[in-house]
Each structure stands twice: as C-alpha cells, then as structure tokens.
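Quick notes on the structure that follows.
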C-alpha cells in the first residue's frame with residue numbers, strides 16, 4: 001500500500017506528447033540503421049547478413065537489460081529513466097555521425113542505443129500506468145507505441161531528403177538534435193514521480209512477489225515471435241522494395257506511408273481499448289495473424305505486390321504493441337516497469353533474432369523465402385499470444401482480490 005504521506009499527482013494526458021517525443025528520439029537509431037542500410041553498407045563495406053547483425057545488436061542489448069531496467073525505473077520513476085535514456089541516445093547518434101568507420105563500431109554503438117531505448121520504453125510505460133487516467137491508458141499506449149512508426153516515418157522522409165543529398169551521417173546528426181530537444185522537454189514538462197520515493201521501493205518489492213511471472217514469461221515468448229515477424233517491416237521493407245525494382249526514394253516514401261497507416265490504426269485500436277475492460281490479447285492475436293498472412297504477398301517480389309501488401313502489413317502486423325502492453329499493465333498494475341520489463345525482453349529477443357534470420361535467408365536464398373519465414377513466425381506468435389492470454393486469465397482468477405485492491409489504490413488522484 002502507498003503510504004499516506006505520499007500524495008499522488010492528478011492524472012491527465014498533459015505529459016503524453018512529451019512521452020511520445022521521447023520514444024521517437026530513443027528508437028530513431030534503430031530505424032536509421034535499418035532504412036539507411038544500403039547507403040551505410042556501401043560506405044562501410046559489409047553484406048546483408050552483417051546488416052542484420054547491426055540491427056540485431058540494438059535489440060539484443062535491450063533484451064539483456066530490460067528486466068533489470070524495469071525494476072530500476074519502477075524505483076526511480078519515469079522522469080529520471082527517460083532523461084538518462086535520452087542522454088545516451090544523443091551521444092550514440094553523434095558518435096555514429098562523426099566516428100563510425102567500421103562494422104565493429106556500428107555494432108557497439110547500436111548496442112548502446114538499444115540499452116537507451118529499453119530504458120526509455122520502460123520509463124514511458126511506468127509514466128502511462130501511474131500518470132494517465134485508468135480509462136485513457138488505451139489511447140496513452142496507442143500514442144506511445146505510435147511514436148515508433150512515427151520514428152520510422154521520420155526515417156523514411158529523411159532517406160530521400162537528406163541521406164541521398166547530404167549523406168547518411170547527417171541523418172544521425174539530425175537524430176542527435178531531436179534527442180536533445182526531447183531531453184529538454186522531459187526535464188521541463190515531466191513532473192517528478194512521488195511513487196519513486198524510497199518507501200515506494202518496498203511497495204514494488206512486495207508487489208513483485210505477487211506478479212504472474214509464469215504468464216508474463218509466456219507473454220514474453222509470444223512477444224518474441226510476434227516482434228521477429230513484425231520487425232522485418234522496419235528493417236527490411238525498404239531493401240525488399242528496392243530489390244523488387246523500385247527506386248530508393250520511392251521505397252523510402254512507401255515506408256513512410258506504411259508507418260503513417262500503422263499510426264492511424266494504433267490510435268483507433270487504442271480508443272477502442274479504452275471502452276473495453278480486461279485484456280484484449282485475442283484482438284492482438286488476430287492482428288498478428290493478419291500481418292503474417294500479408295507477408296506472403298511480398299513473396300511475389302514485384303513493385304505491385306509491395307504496394308498492395310503495404311497497408312495490411314503495416315496496419316495489422318505492425319499495429320498490435322500498444323494493445324499488448326495495455327493488456328500486460330492491466331494484469332499487473334502495481335509493477336508496470338517490472339511486468340513490461342519481462343515482456344519487453346521477448347520483444348527485444350525477437351527484434352534481435354528476426355533481422356539475423358531474415359537477412360541470412362534473403363542473402364543466401366531470396367527475399368521471397370525470407371517473407372515466408374516471417375509469415376511462419378507470425379503464425380507461431382498468434383498461437384503463443386492465445387496461450388499467454390489463457391495463463392494471464394488463470395493467474396488473475398487466482399489473485400483477483402489482490403489485483404482489485406491494487407486497482408483501487410492506483411485510482412487515487414485519477
């Protein structure tokens with residue numbers, strides 16, 4: 001129970017735009033490394049499999065630190081977590097812009113960016129769980145998760161407008177400037193979290209003992225499969241489209257359009273979620289399944305196939321994370337950082353393994369074979385989400401009284 005002397009802030013949506021900006025800045029290095037892969041490889045000199053390693057390093061590092069960082073952010077609060085993450089992101093972008101001259105340096109800097117991203121994601125999750133009204137957390141997670149395709153949208157726009165004119169290093173310099181702006185906004189606009197006081201640490205420790213660990217681990221497995229399938233869009237859609245005969249500039253704009261579609265769908269689904277109680281993992285499973293089936297359209301490796309499949313792939317296969325995180329938070333409201341730290345580990349494992357498998361398959365067989373692999377991973381993900389949902393429901397039934405008490409506690413100040 002939160003001690004009486006700790007006064008919870010009034011819950012509102014005021015800080016949500018700043019949180020979204022912070023997530024955009026933190027995830028930008030990953031999308032820059034993916035969308036600018038052709039240009040970076042041409043200068044630094046490595047193949048498609050190595051490109052997958054660079055992209056995977058970002059998510060592998062995130063996976064290693066996610067669970068521990070979840071506990072840390074629960075303790076120190078979202079303001080400190082987000083500020084630390086954005087400072088790291090700014091330095092990494094600047095280092096890539098000025099000094100990344102070989103593959104090893106790119107892999108190392110990508111890993112550091114991944115650690116910063118994991119911290120920012122968890123900081124945003126904790127902020128939404130503690131600072132947004134209960135009945136608006138669906139749209140809150142929709143906005144937060146829309147920041148990621150928002151970053152992809154920025155990457156897609158900067159590809160033809162900056163990378164192909166001034167050079168790809170200038171894109172990372174712009175990313176560093178955006179990170180500084182987001183850091184200043186967090187420091188100015190995000191209030192310190194009363195629940196990060198020392199007495200909150202004891203509450204988190206007691207609540208974590210009641211966490212549905214088995215169910216959360218299964219959800220992490222589901223997240224790994226679903227992310228491995230979806231991340232191919234962020235990392236390889238541009239290259240696959242170019243491989244089908246489309247110019248790099250057109251491929252970049254197509255990627256930006258797909259990102260915009262994903263944002264719109266996430267917001268619509270988030271608004272729907274706020275009107276529905278409980279977890280909505282069944283909807284998540286359907287979205288992932290639609291996205292995986294759509295990957296089969298890209299097997300044709302023609303410009304027409306890529307443009308036809310684009311709205312469904314980005315609108316369903318890349319639009320589920322907000323609903324997923326909301327369902328996890330609803331099942332674990334007292335420890336949002338710890339709970340999403342566990343499930344985000346699966347997201348990052350999938351993000352690390354997916355690009356390597358996809359890149360290896362594309363380089364040694366074909367992009368068509370790689371898209372078949374993505375479809376298979378999506379089907380496995382939908383099945384795993386369904387199983388994870390059953391485990392969460394079973395765990396909630398066993399601990400219903402505790403969760404209801406936590407919900408009442410967290411509604412104070414809303």
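The values are calculated or read from the model by the stated rules, or taken from the named source; none is laboratory data. For clarity, every value in this text was computed on a predicted model and none was experimentally measured. We place every Cβ from the backbone using ideal geometry, glycine too, and count neighbours over all the protein chains shown.
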Considering residues that are within 19 Å of the chain's Cα centre (by Cα) and free of Cβ contacts under 8 Å to residues at least 12 places away in the same chain, the number found within the stretch 77-113 is 0
Looking at residue 32, is it part of a helix (DSSP H, G or I), in contact with a helix residue (DSSP H, G or I) (Cβ under 7 Å, 6 or more places away or on another chain), crowded, with 21+ Cβ neighbours inside 10 Å and at pLDDT below 85? yes
The residue from 339, 362, 285 that alone is crowded, with 20+ Cβ neighbours inside 10 Å and at pLDDT below 80 is 362
Can you go through 242, 231 and tell me which one is touching a residue at least 24 places away in the same chain (Cβ under 8 Å), in contact with a helix residue (DSSP H, G or I) (Cβ under 7 Å, 6 or more places away or on another chain) and surrounded by fewer than 23 Cβ atoms within 10 Å (Cβ to Cβ)? 242
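Does the stretch 252-268 contain at least one residue that is outside any helix (DSSP H, G or I) and either modelled with pLDDT of 85 or more or surrounded by fewer than 24 Cβ atoms within 10 Å (Cβ to Cβ) (or both)? Give the derivation first.
Of the stretch 252-268, the ones outside any helix (DSSP H, G or I) are none.
Checked the stretch 252-268: no residue is outside any helix (DSSP H, G or I) and either modelled with pLDDT of 85 or more or surrounded by fewer than 24 Cβ atoms within 10 Å (Cβ to Cβ) (or both).
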Scan the stretch 153-171 and tell me whether some residue there is in a helix (DSSP H, G or I) and under 17 Å from residue 58 (Cα atoms). yes
Criterion: surrounded by 24 or more Cβ atoms within 10 Å (Cβ to Cβ) and either touching a strand residue (DSSP E or B) at 6+ places or on another chain (Cβ under 9 Å) or part of a helix (DSSP H, G or I) (or both) - qualifying residue of 86, 94, 53: 86
